[in-house]
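Single-structure report; data block below.
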Amino acid sequence: MNTLILLSLFSLLIITPYLHPQTDTSLTQQIESLTKYTESLEHRLDVLEKNLDDILWFQRVGDVAFIDKVFMTGPPKWKETDTTDPVFGNPVKFWSYVFIPKDLNYSKKYPLLVFPHGGVHSNFSTYYTHIIRELMYQQYIVIAAEYRGSTGYGKDHYEKIDYGGREVEDVDSSRKFMLDNYEFVDPERVGIVGWSHGGLIALMSIFNYPEKYKVAFAGVPVSDLITRLNYMDEDYRKLYSADYHIGQTIEENSDEYKKRSPVHNAYKLQTPLLIHTNTNDEDVRIVEVKMLIDTLKSLNKDFQYEVFEELPGGHSFDRQDTKLAVSIRLKIYKFIEKYLQPTRTFNNVEEIRKFIYR
């Protein structure tokens, strides 16, 4: 709750009794009403912010990409109890961004990259502008799902969140949508990339659907929810134990948290995988990603990883627009291209920067 809201509540508590003497119950009801209004306002502002950012996508990437936003469905909500509800069991509807390079030859087939965004509650924003431009040059087609729990689509979509659960199926539904609807997408050349929570989704996607992805990159991935929630604050933990989400704490149901954590699913790895992490990451701490790396090693899994030491940017170290960050992204692209064989590739950082800033 931000400072403005707290001041408003404080003013209400102090001033109202003198203006209109009333019972404690009445005052409590007014505070609850104000809290609900504030929550509703926050979601409406998220919608406005999302609509504005959609315009920015066309301004920042529209010269190199055809951009679309398509409506699709994933599986039903995971927590439904009222079987008499007319919409019980209905698929969850959500939007996904589609980015298609403008210079494709539509008589040919092109590789697809599935790109889930990060954040417990967030969305695919123009934060990724330069990365999308870099992918467009290489002639990747990109699908980025605004899966259940994403912000900018109102309270109802926000509260459908299923972190590490059916959101992974939403992302896979976006992959399937592209194969079903775009003939120039090559079903034999599909990869997945993601950072942070998007890295968790990338990992869970290849663990659950190994036959559907040729390669994966997981940057600073959330790897173990139990470890993570033990070092995060109480407000963060409440996001998971909310009634509309898991609804229980780690102490009450640790198995549910393990089920949603890559480290406890690592034994399923079959897909070529690259992991990046940074020792000064202030969000997904190195201890968490190291658990995943060590687990994969103990299972004798074939994968690649790199631990970067104290690089500027912390959690965002390789998503920045600096020359250093671009040089690290080049490593990612070189790993992916071995398996997806894009029609164009970057050979050095100078080529990337020349294309981005032309």
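Which ones in segment 276-295 are open to solvent by less than 70 Å² (accessible area, probe 1.4 Å) and either touching a Lys or Arg at 6+ places or on another chain (Cβ under 9 Å) or assigned to a loop (DSSP other than H, G, I, E, B) (or both)? Of everything in segment 276-295, those that are open to solvent by less than 70 Å² (accessible area, probe 1.4 Å) and either touching a Lys or Arg at 6+ places or on another chain (Cβ under 9 Å) or assigned to a loop (DSSP other than H, G, I, E, B) (or both) turn out to be 276, 277, 279, 280, 281, 283, 284, 288, 295.
Counting only residues that are under 30 Å from residue 214 (Cα atoms) and among the polar types (S, T, N, Q), segment 230-269 holds 2 of them. If you go through segment 90-112 and pick out every residue that is open to solvent by less than 70 Å² (accessible area, probe 1.4 Å) and either among the small types (Gly, Ala, Ser) or in a strand (DSSP E or B) (or both), you end up with 11. Of all the listed residues (254, 261, 298), the sole one being without any contact (Cβ under 8 Å) to a residue 12 or more places away in the chain and among the hydroxyl-bearing types (Ser, Thr, Tyr) is 298. For segment 129-167, a residue qualifies if it is more than 29 Å from residue 38 (Cβ to Cβ), among the hydroxyl-bearing types (Ser, Thr, Tyr) and surrounded by 24 or more Cβ atoms within 10 Å (Cβ to Cβ), and exactly one does: 140.
Note on segment 149-203: among residues that are among the polar types (S, T, N, Q) and in contact with a Phe, Trp or Tyr (Cβ under 9 Å, 6 or more places away or on another chain), the one that is farthest from residue 263 (Cα to Cα) is 151.
Would you confirm, using the coordinates I've provided, whether residue 298 is of a type in the set (Ser, Thr, Tyr), modelled with pLDDT of 95 or more and buried (at least 16 other Cβ atoms within 10 Å of the Cβ)? Considered against the rule, which asks whether it is of a type in the set (Ser, Thr, Tyr), modelled with pLDDT of 95 or more and buried (at least 16 other Cβ atoms within 10 Å of the Cβ), residue 298 comes out as no. Taken over segment 302-330, the residue count meeting the criterion of being in a loop (DSSP other than H, G, I, E, B) and loosely packed, with under 15 Cβ neighbours inside 10 Å is 6. For segment 40-96, taking the residues that are acidic (Asp, Glu) and within 21 Å of residue 242 (Cα to Cα), the one that is nearest to the chain's Cα centre (by Cα) is identified as 46. From the list 38, 28, exactly one residue is at pLDDT 70 or above, surrounded by 15 or more Cβ atoms within 10 Å (Cβ to Cβ) and not acidic (Asp, Glu). Which is it? None of the other options fit; the residue is 38. Does residue 287 fit the bill of being free of Cβ contacts under 8 Å to residues at least 40 places away in the same chain and in contact with a helix residue (DSSP H, G or I) (Cβ under 8 Å, 6 or more places away or on another chain)? Spelling it out, it is not the case that residue 287 is free of Cβ contacts under 8 Å to residues at least 40 places away in the same chain and in contact with a helix residue (DSSP H, G or I) (Cβ under 8 Å, 6 or more places away or on another chain).
Within segment 206-233, the set of residues being more than 22 Å from residue 317 (Cα to Cα), open to solvent by less than 10 Å² (accessible area, probe 1.4 Å) and free of Cβ contacts under 8 Å to residues at least 60 places away in the same chain comprises just one member, 229.
Report, by residue number, each residue of segment 250-275 that is of a type outside the set (A, V, I, L, M) and open to solvent by less than 50 Å² (accessible area, probe 1.4 Å). 253, 254, 256, 257, 260, 261, 262, 265, 271, 272 - these are the residues of segment 250-275 that are of a type outside the set (A, V, I, L, M) and open to solvent by less than 50 Å² (accessible area, probe 1.4 Å).
The values are calculated or read from the model by the stated rules, or taken from the named source; none is laboratory data. Predicted model only: the values in this text are computed from it and were never measured. Every residue, glycine among them, receives a Cβ derived from its backbone with ideal geometry; neighbour counts consider all protein chains shown. Calculation scope for accessible area: heavy atoms of the full protein, side chains included, ligands and nucleic acids excluded. Shrake-Rupley method; radii C 1.70, N 1.55, O 1.52, S 1.80 Å.
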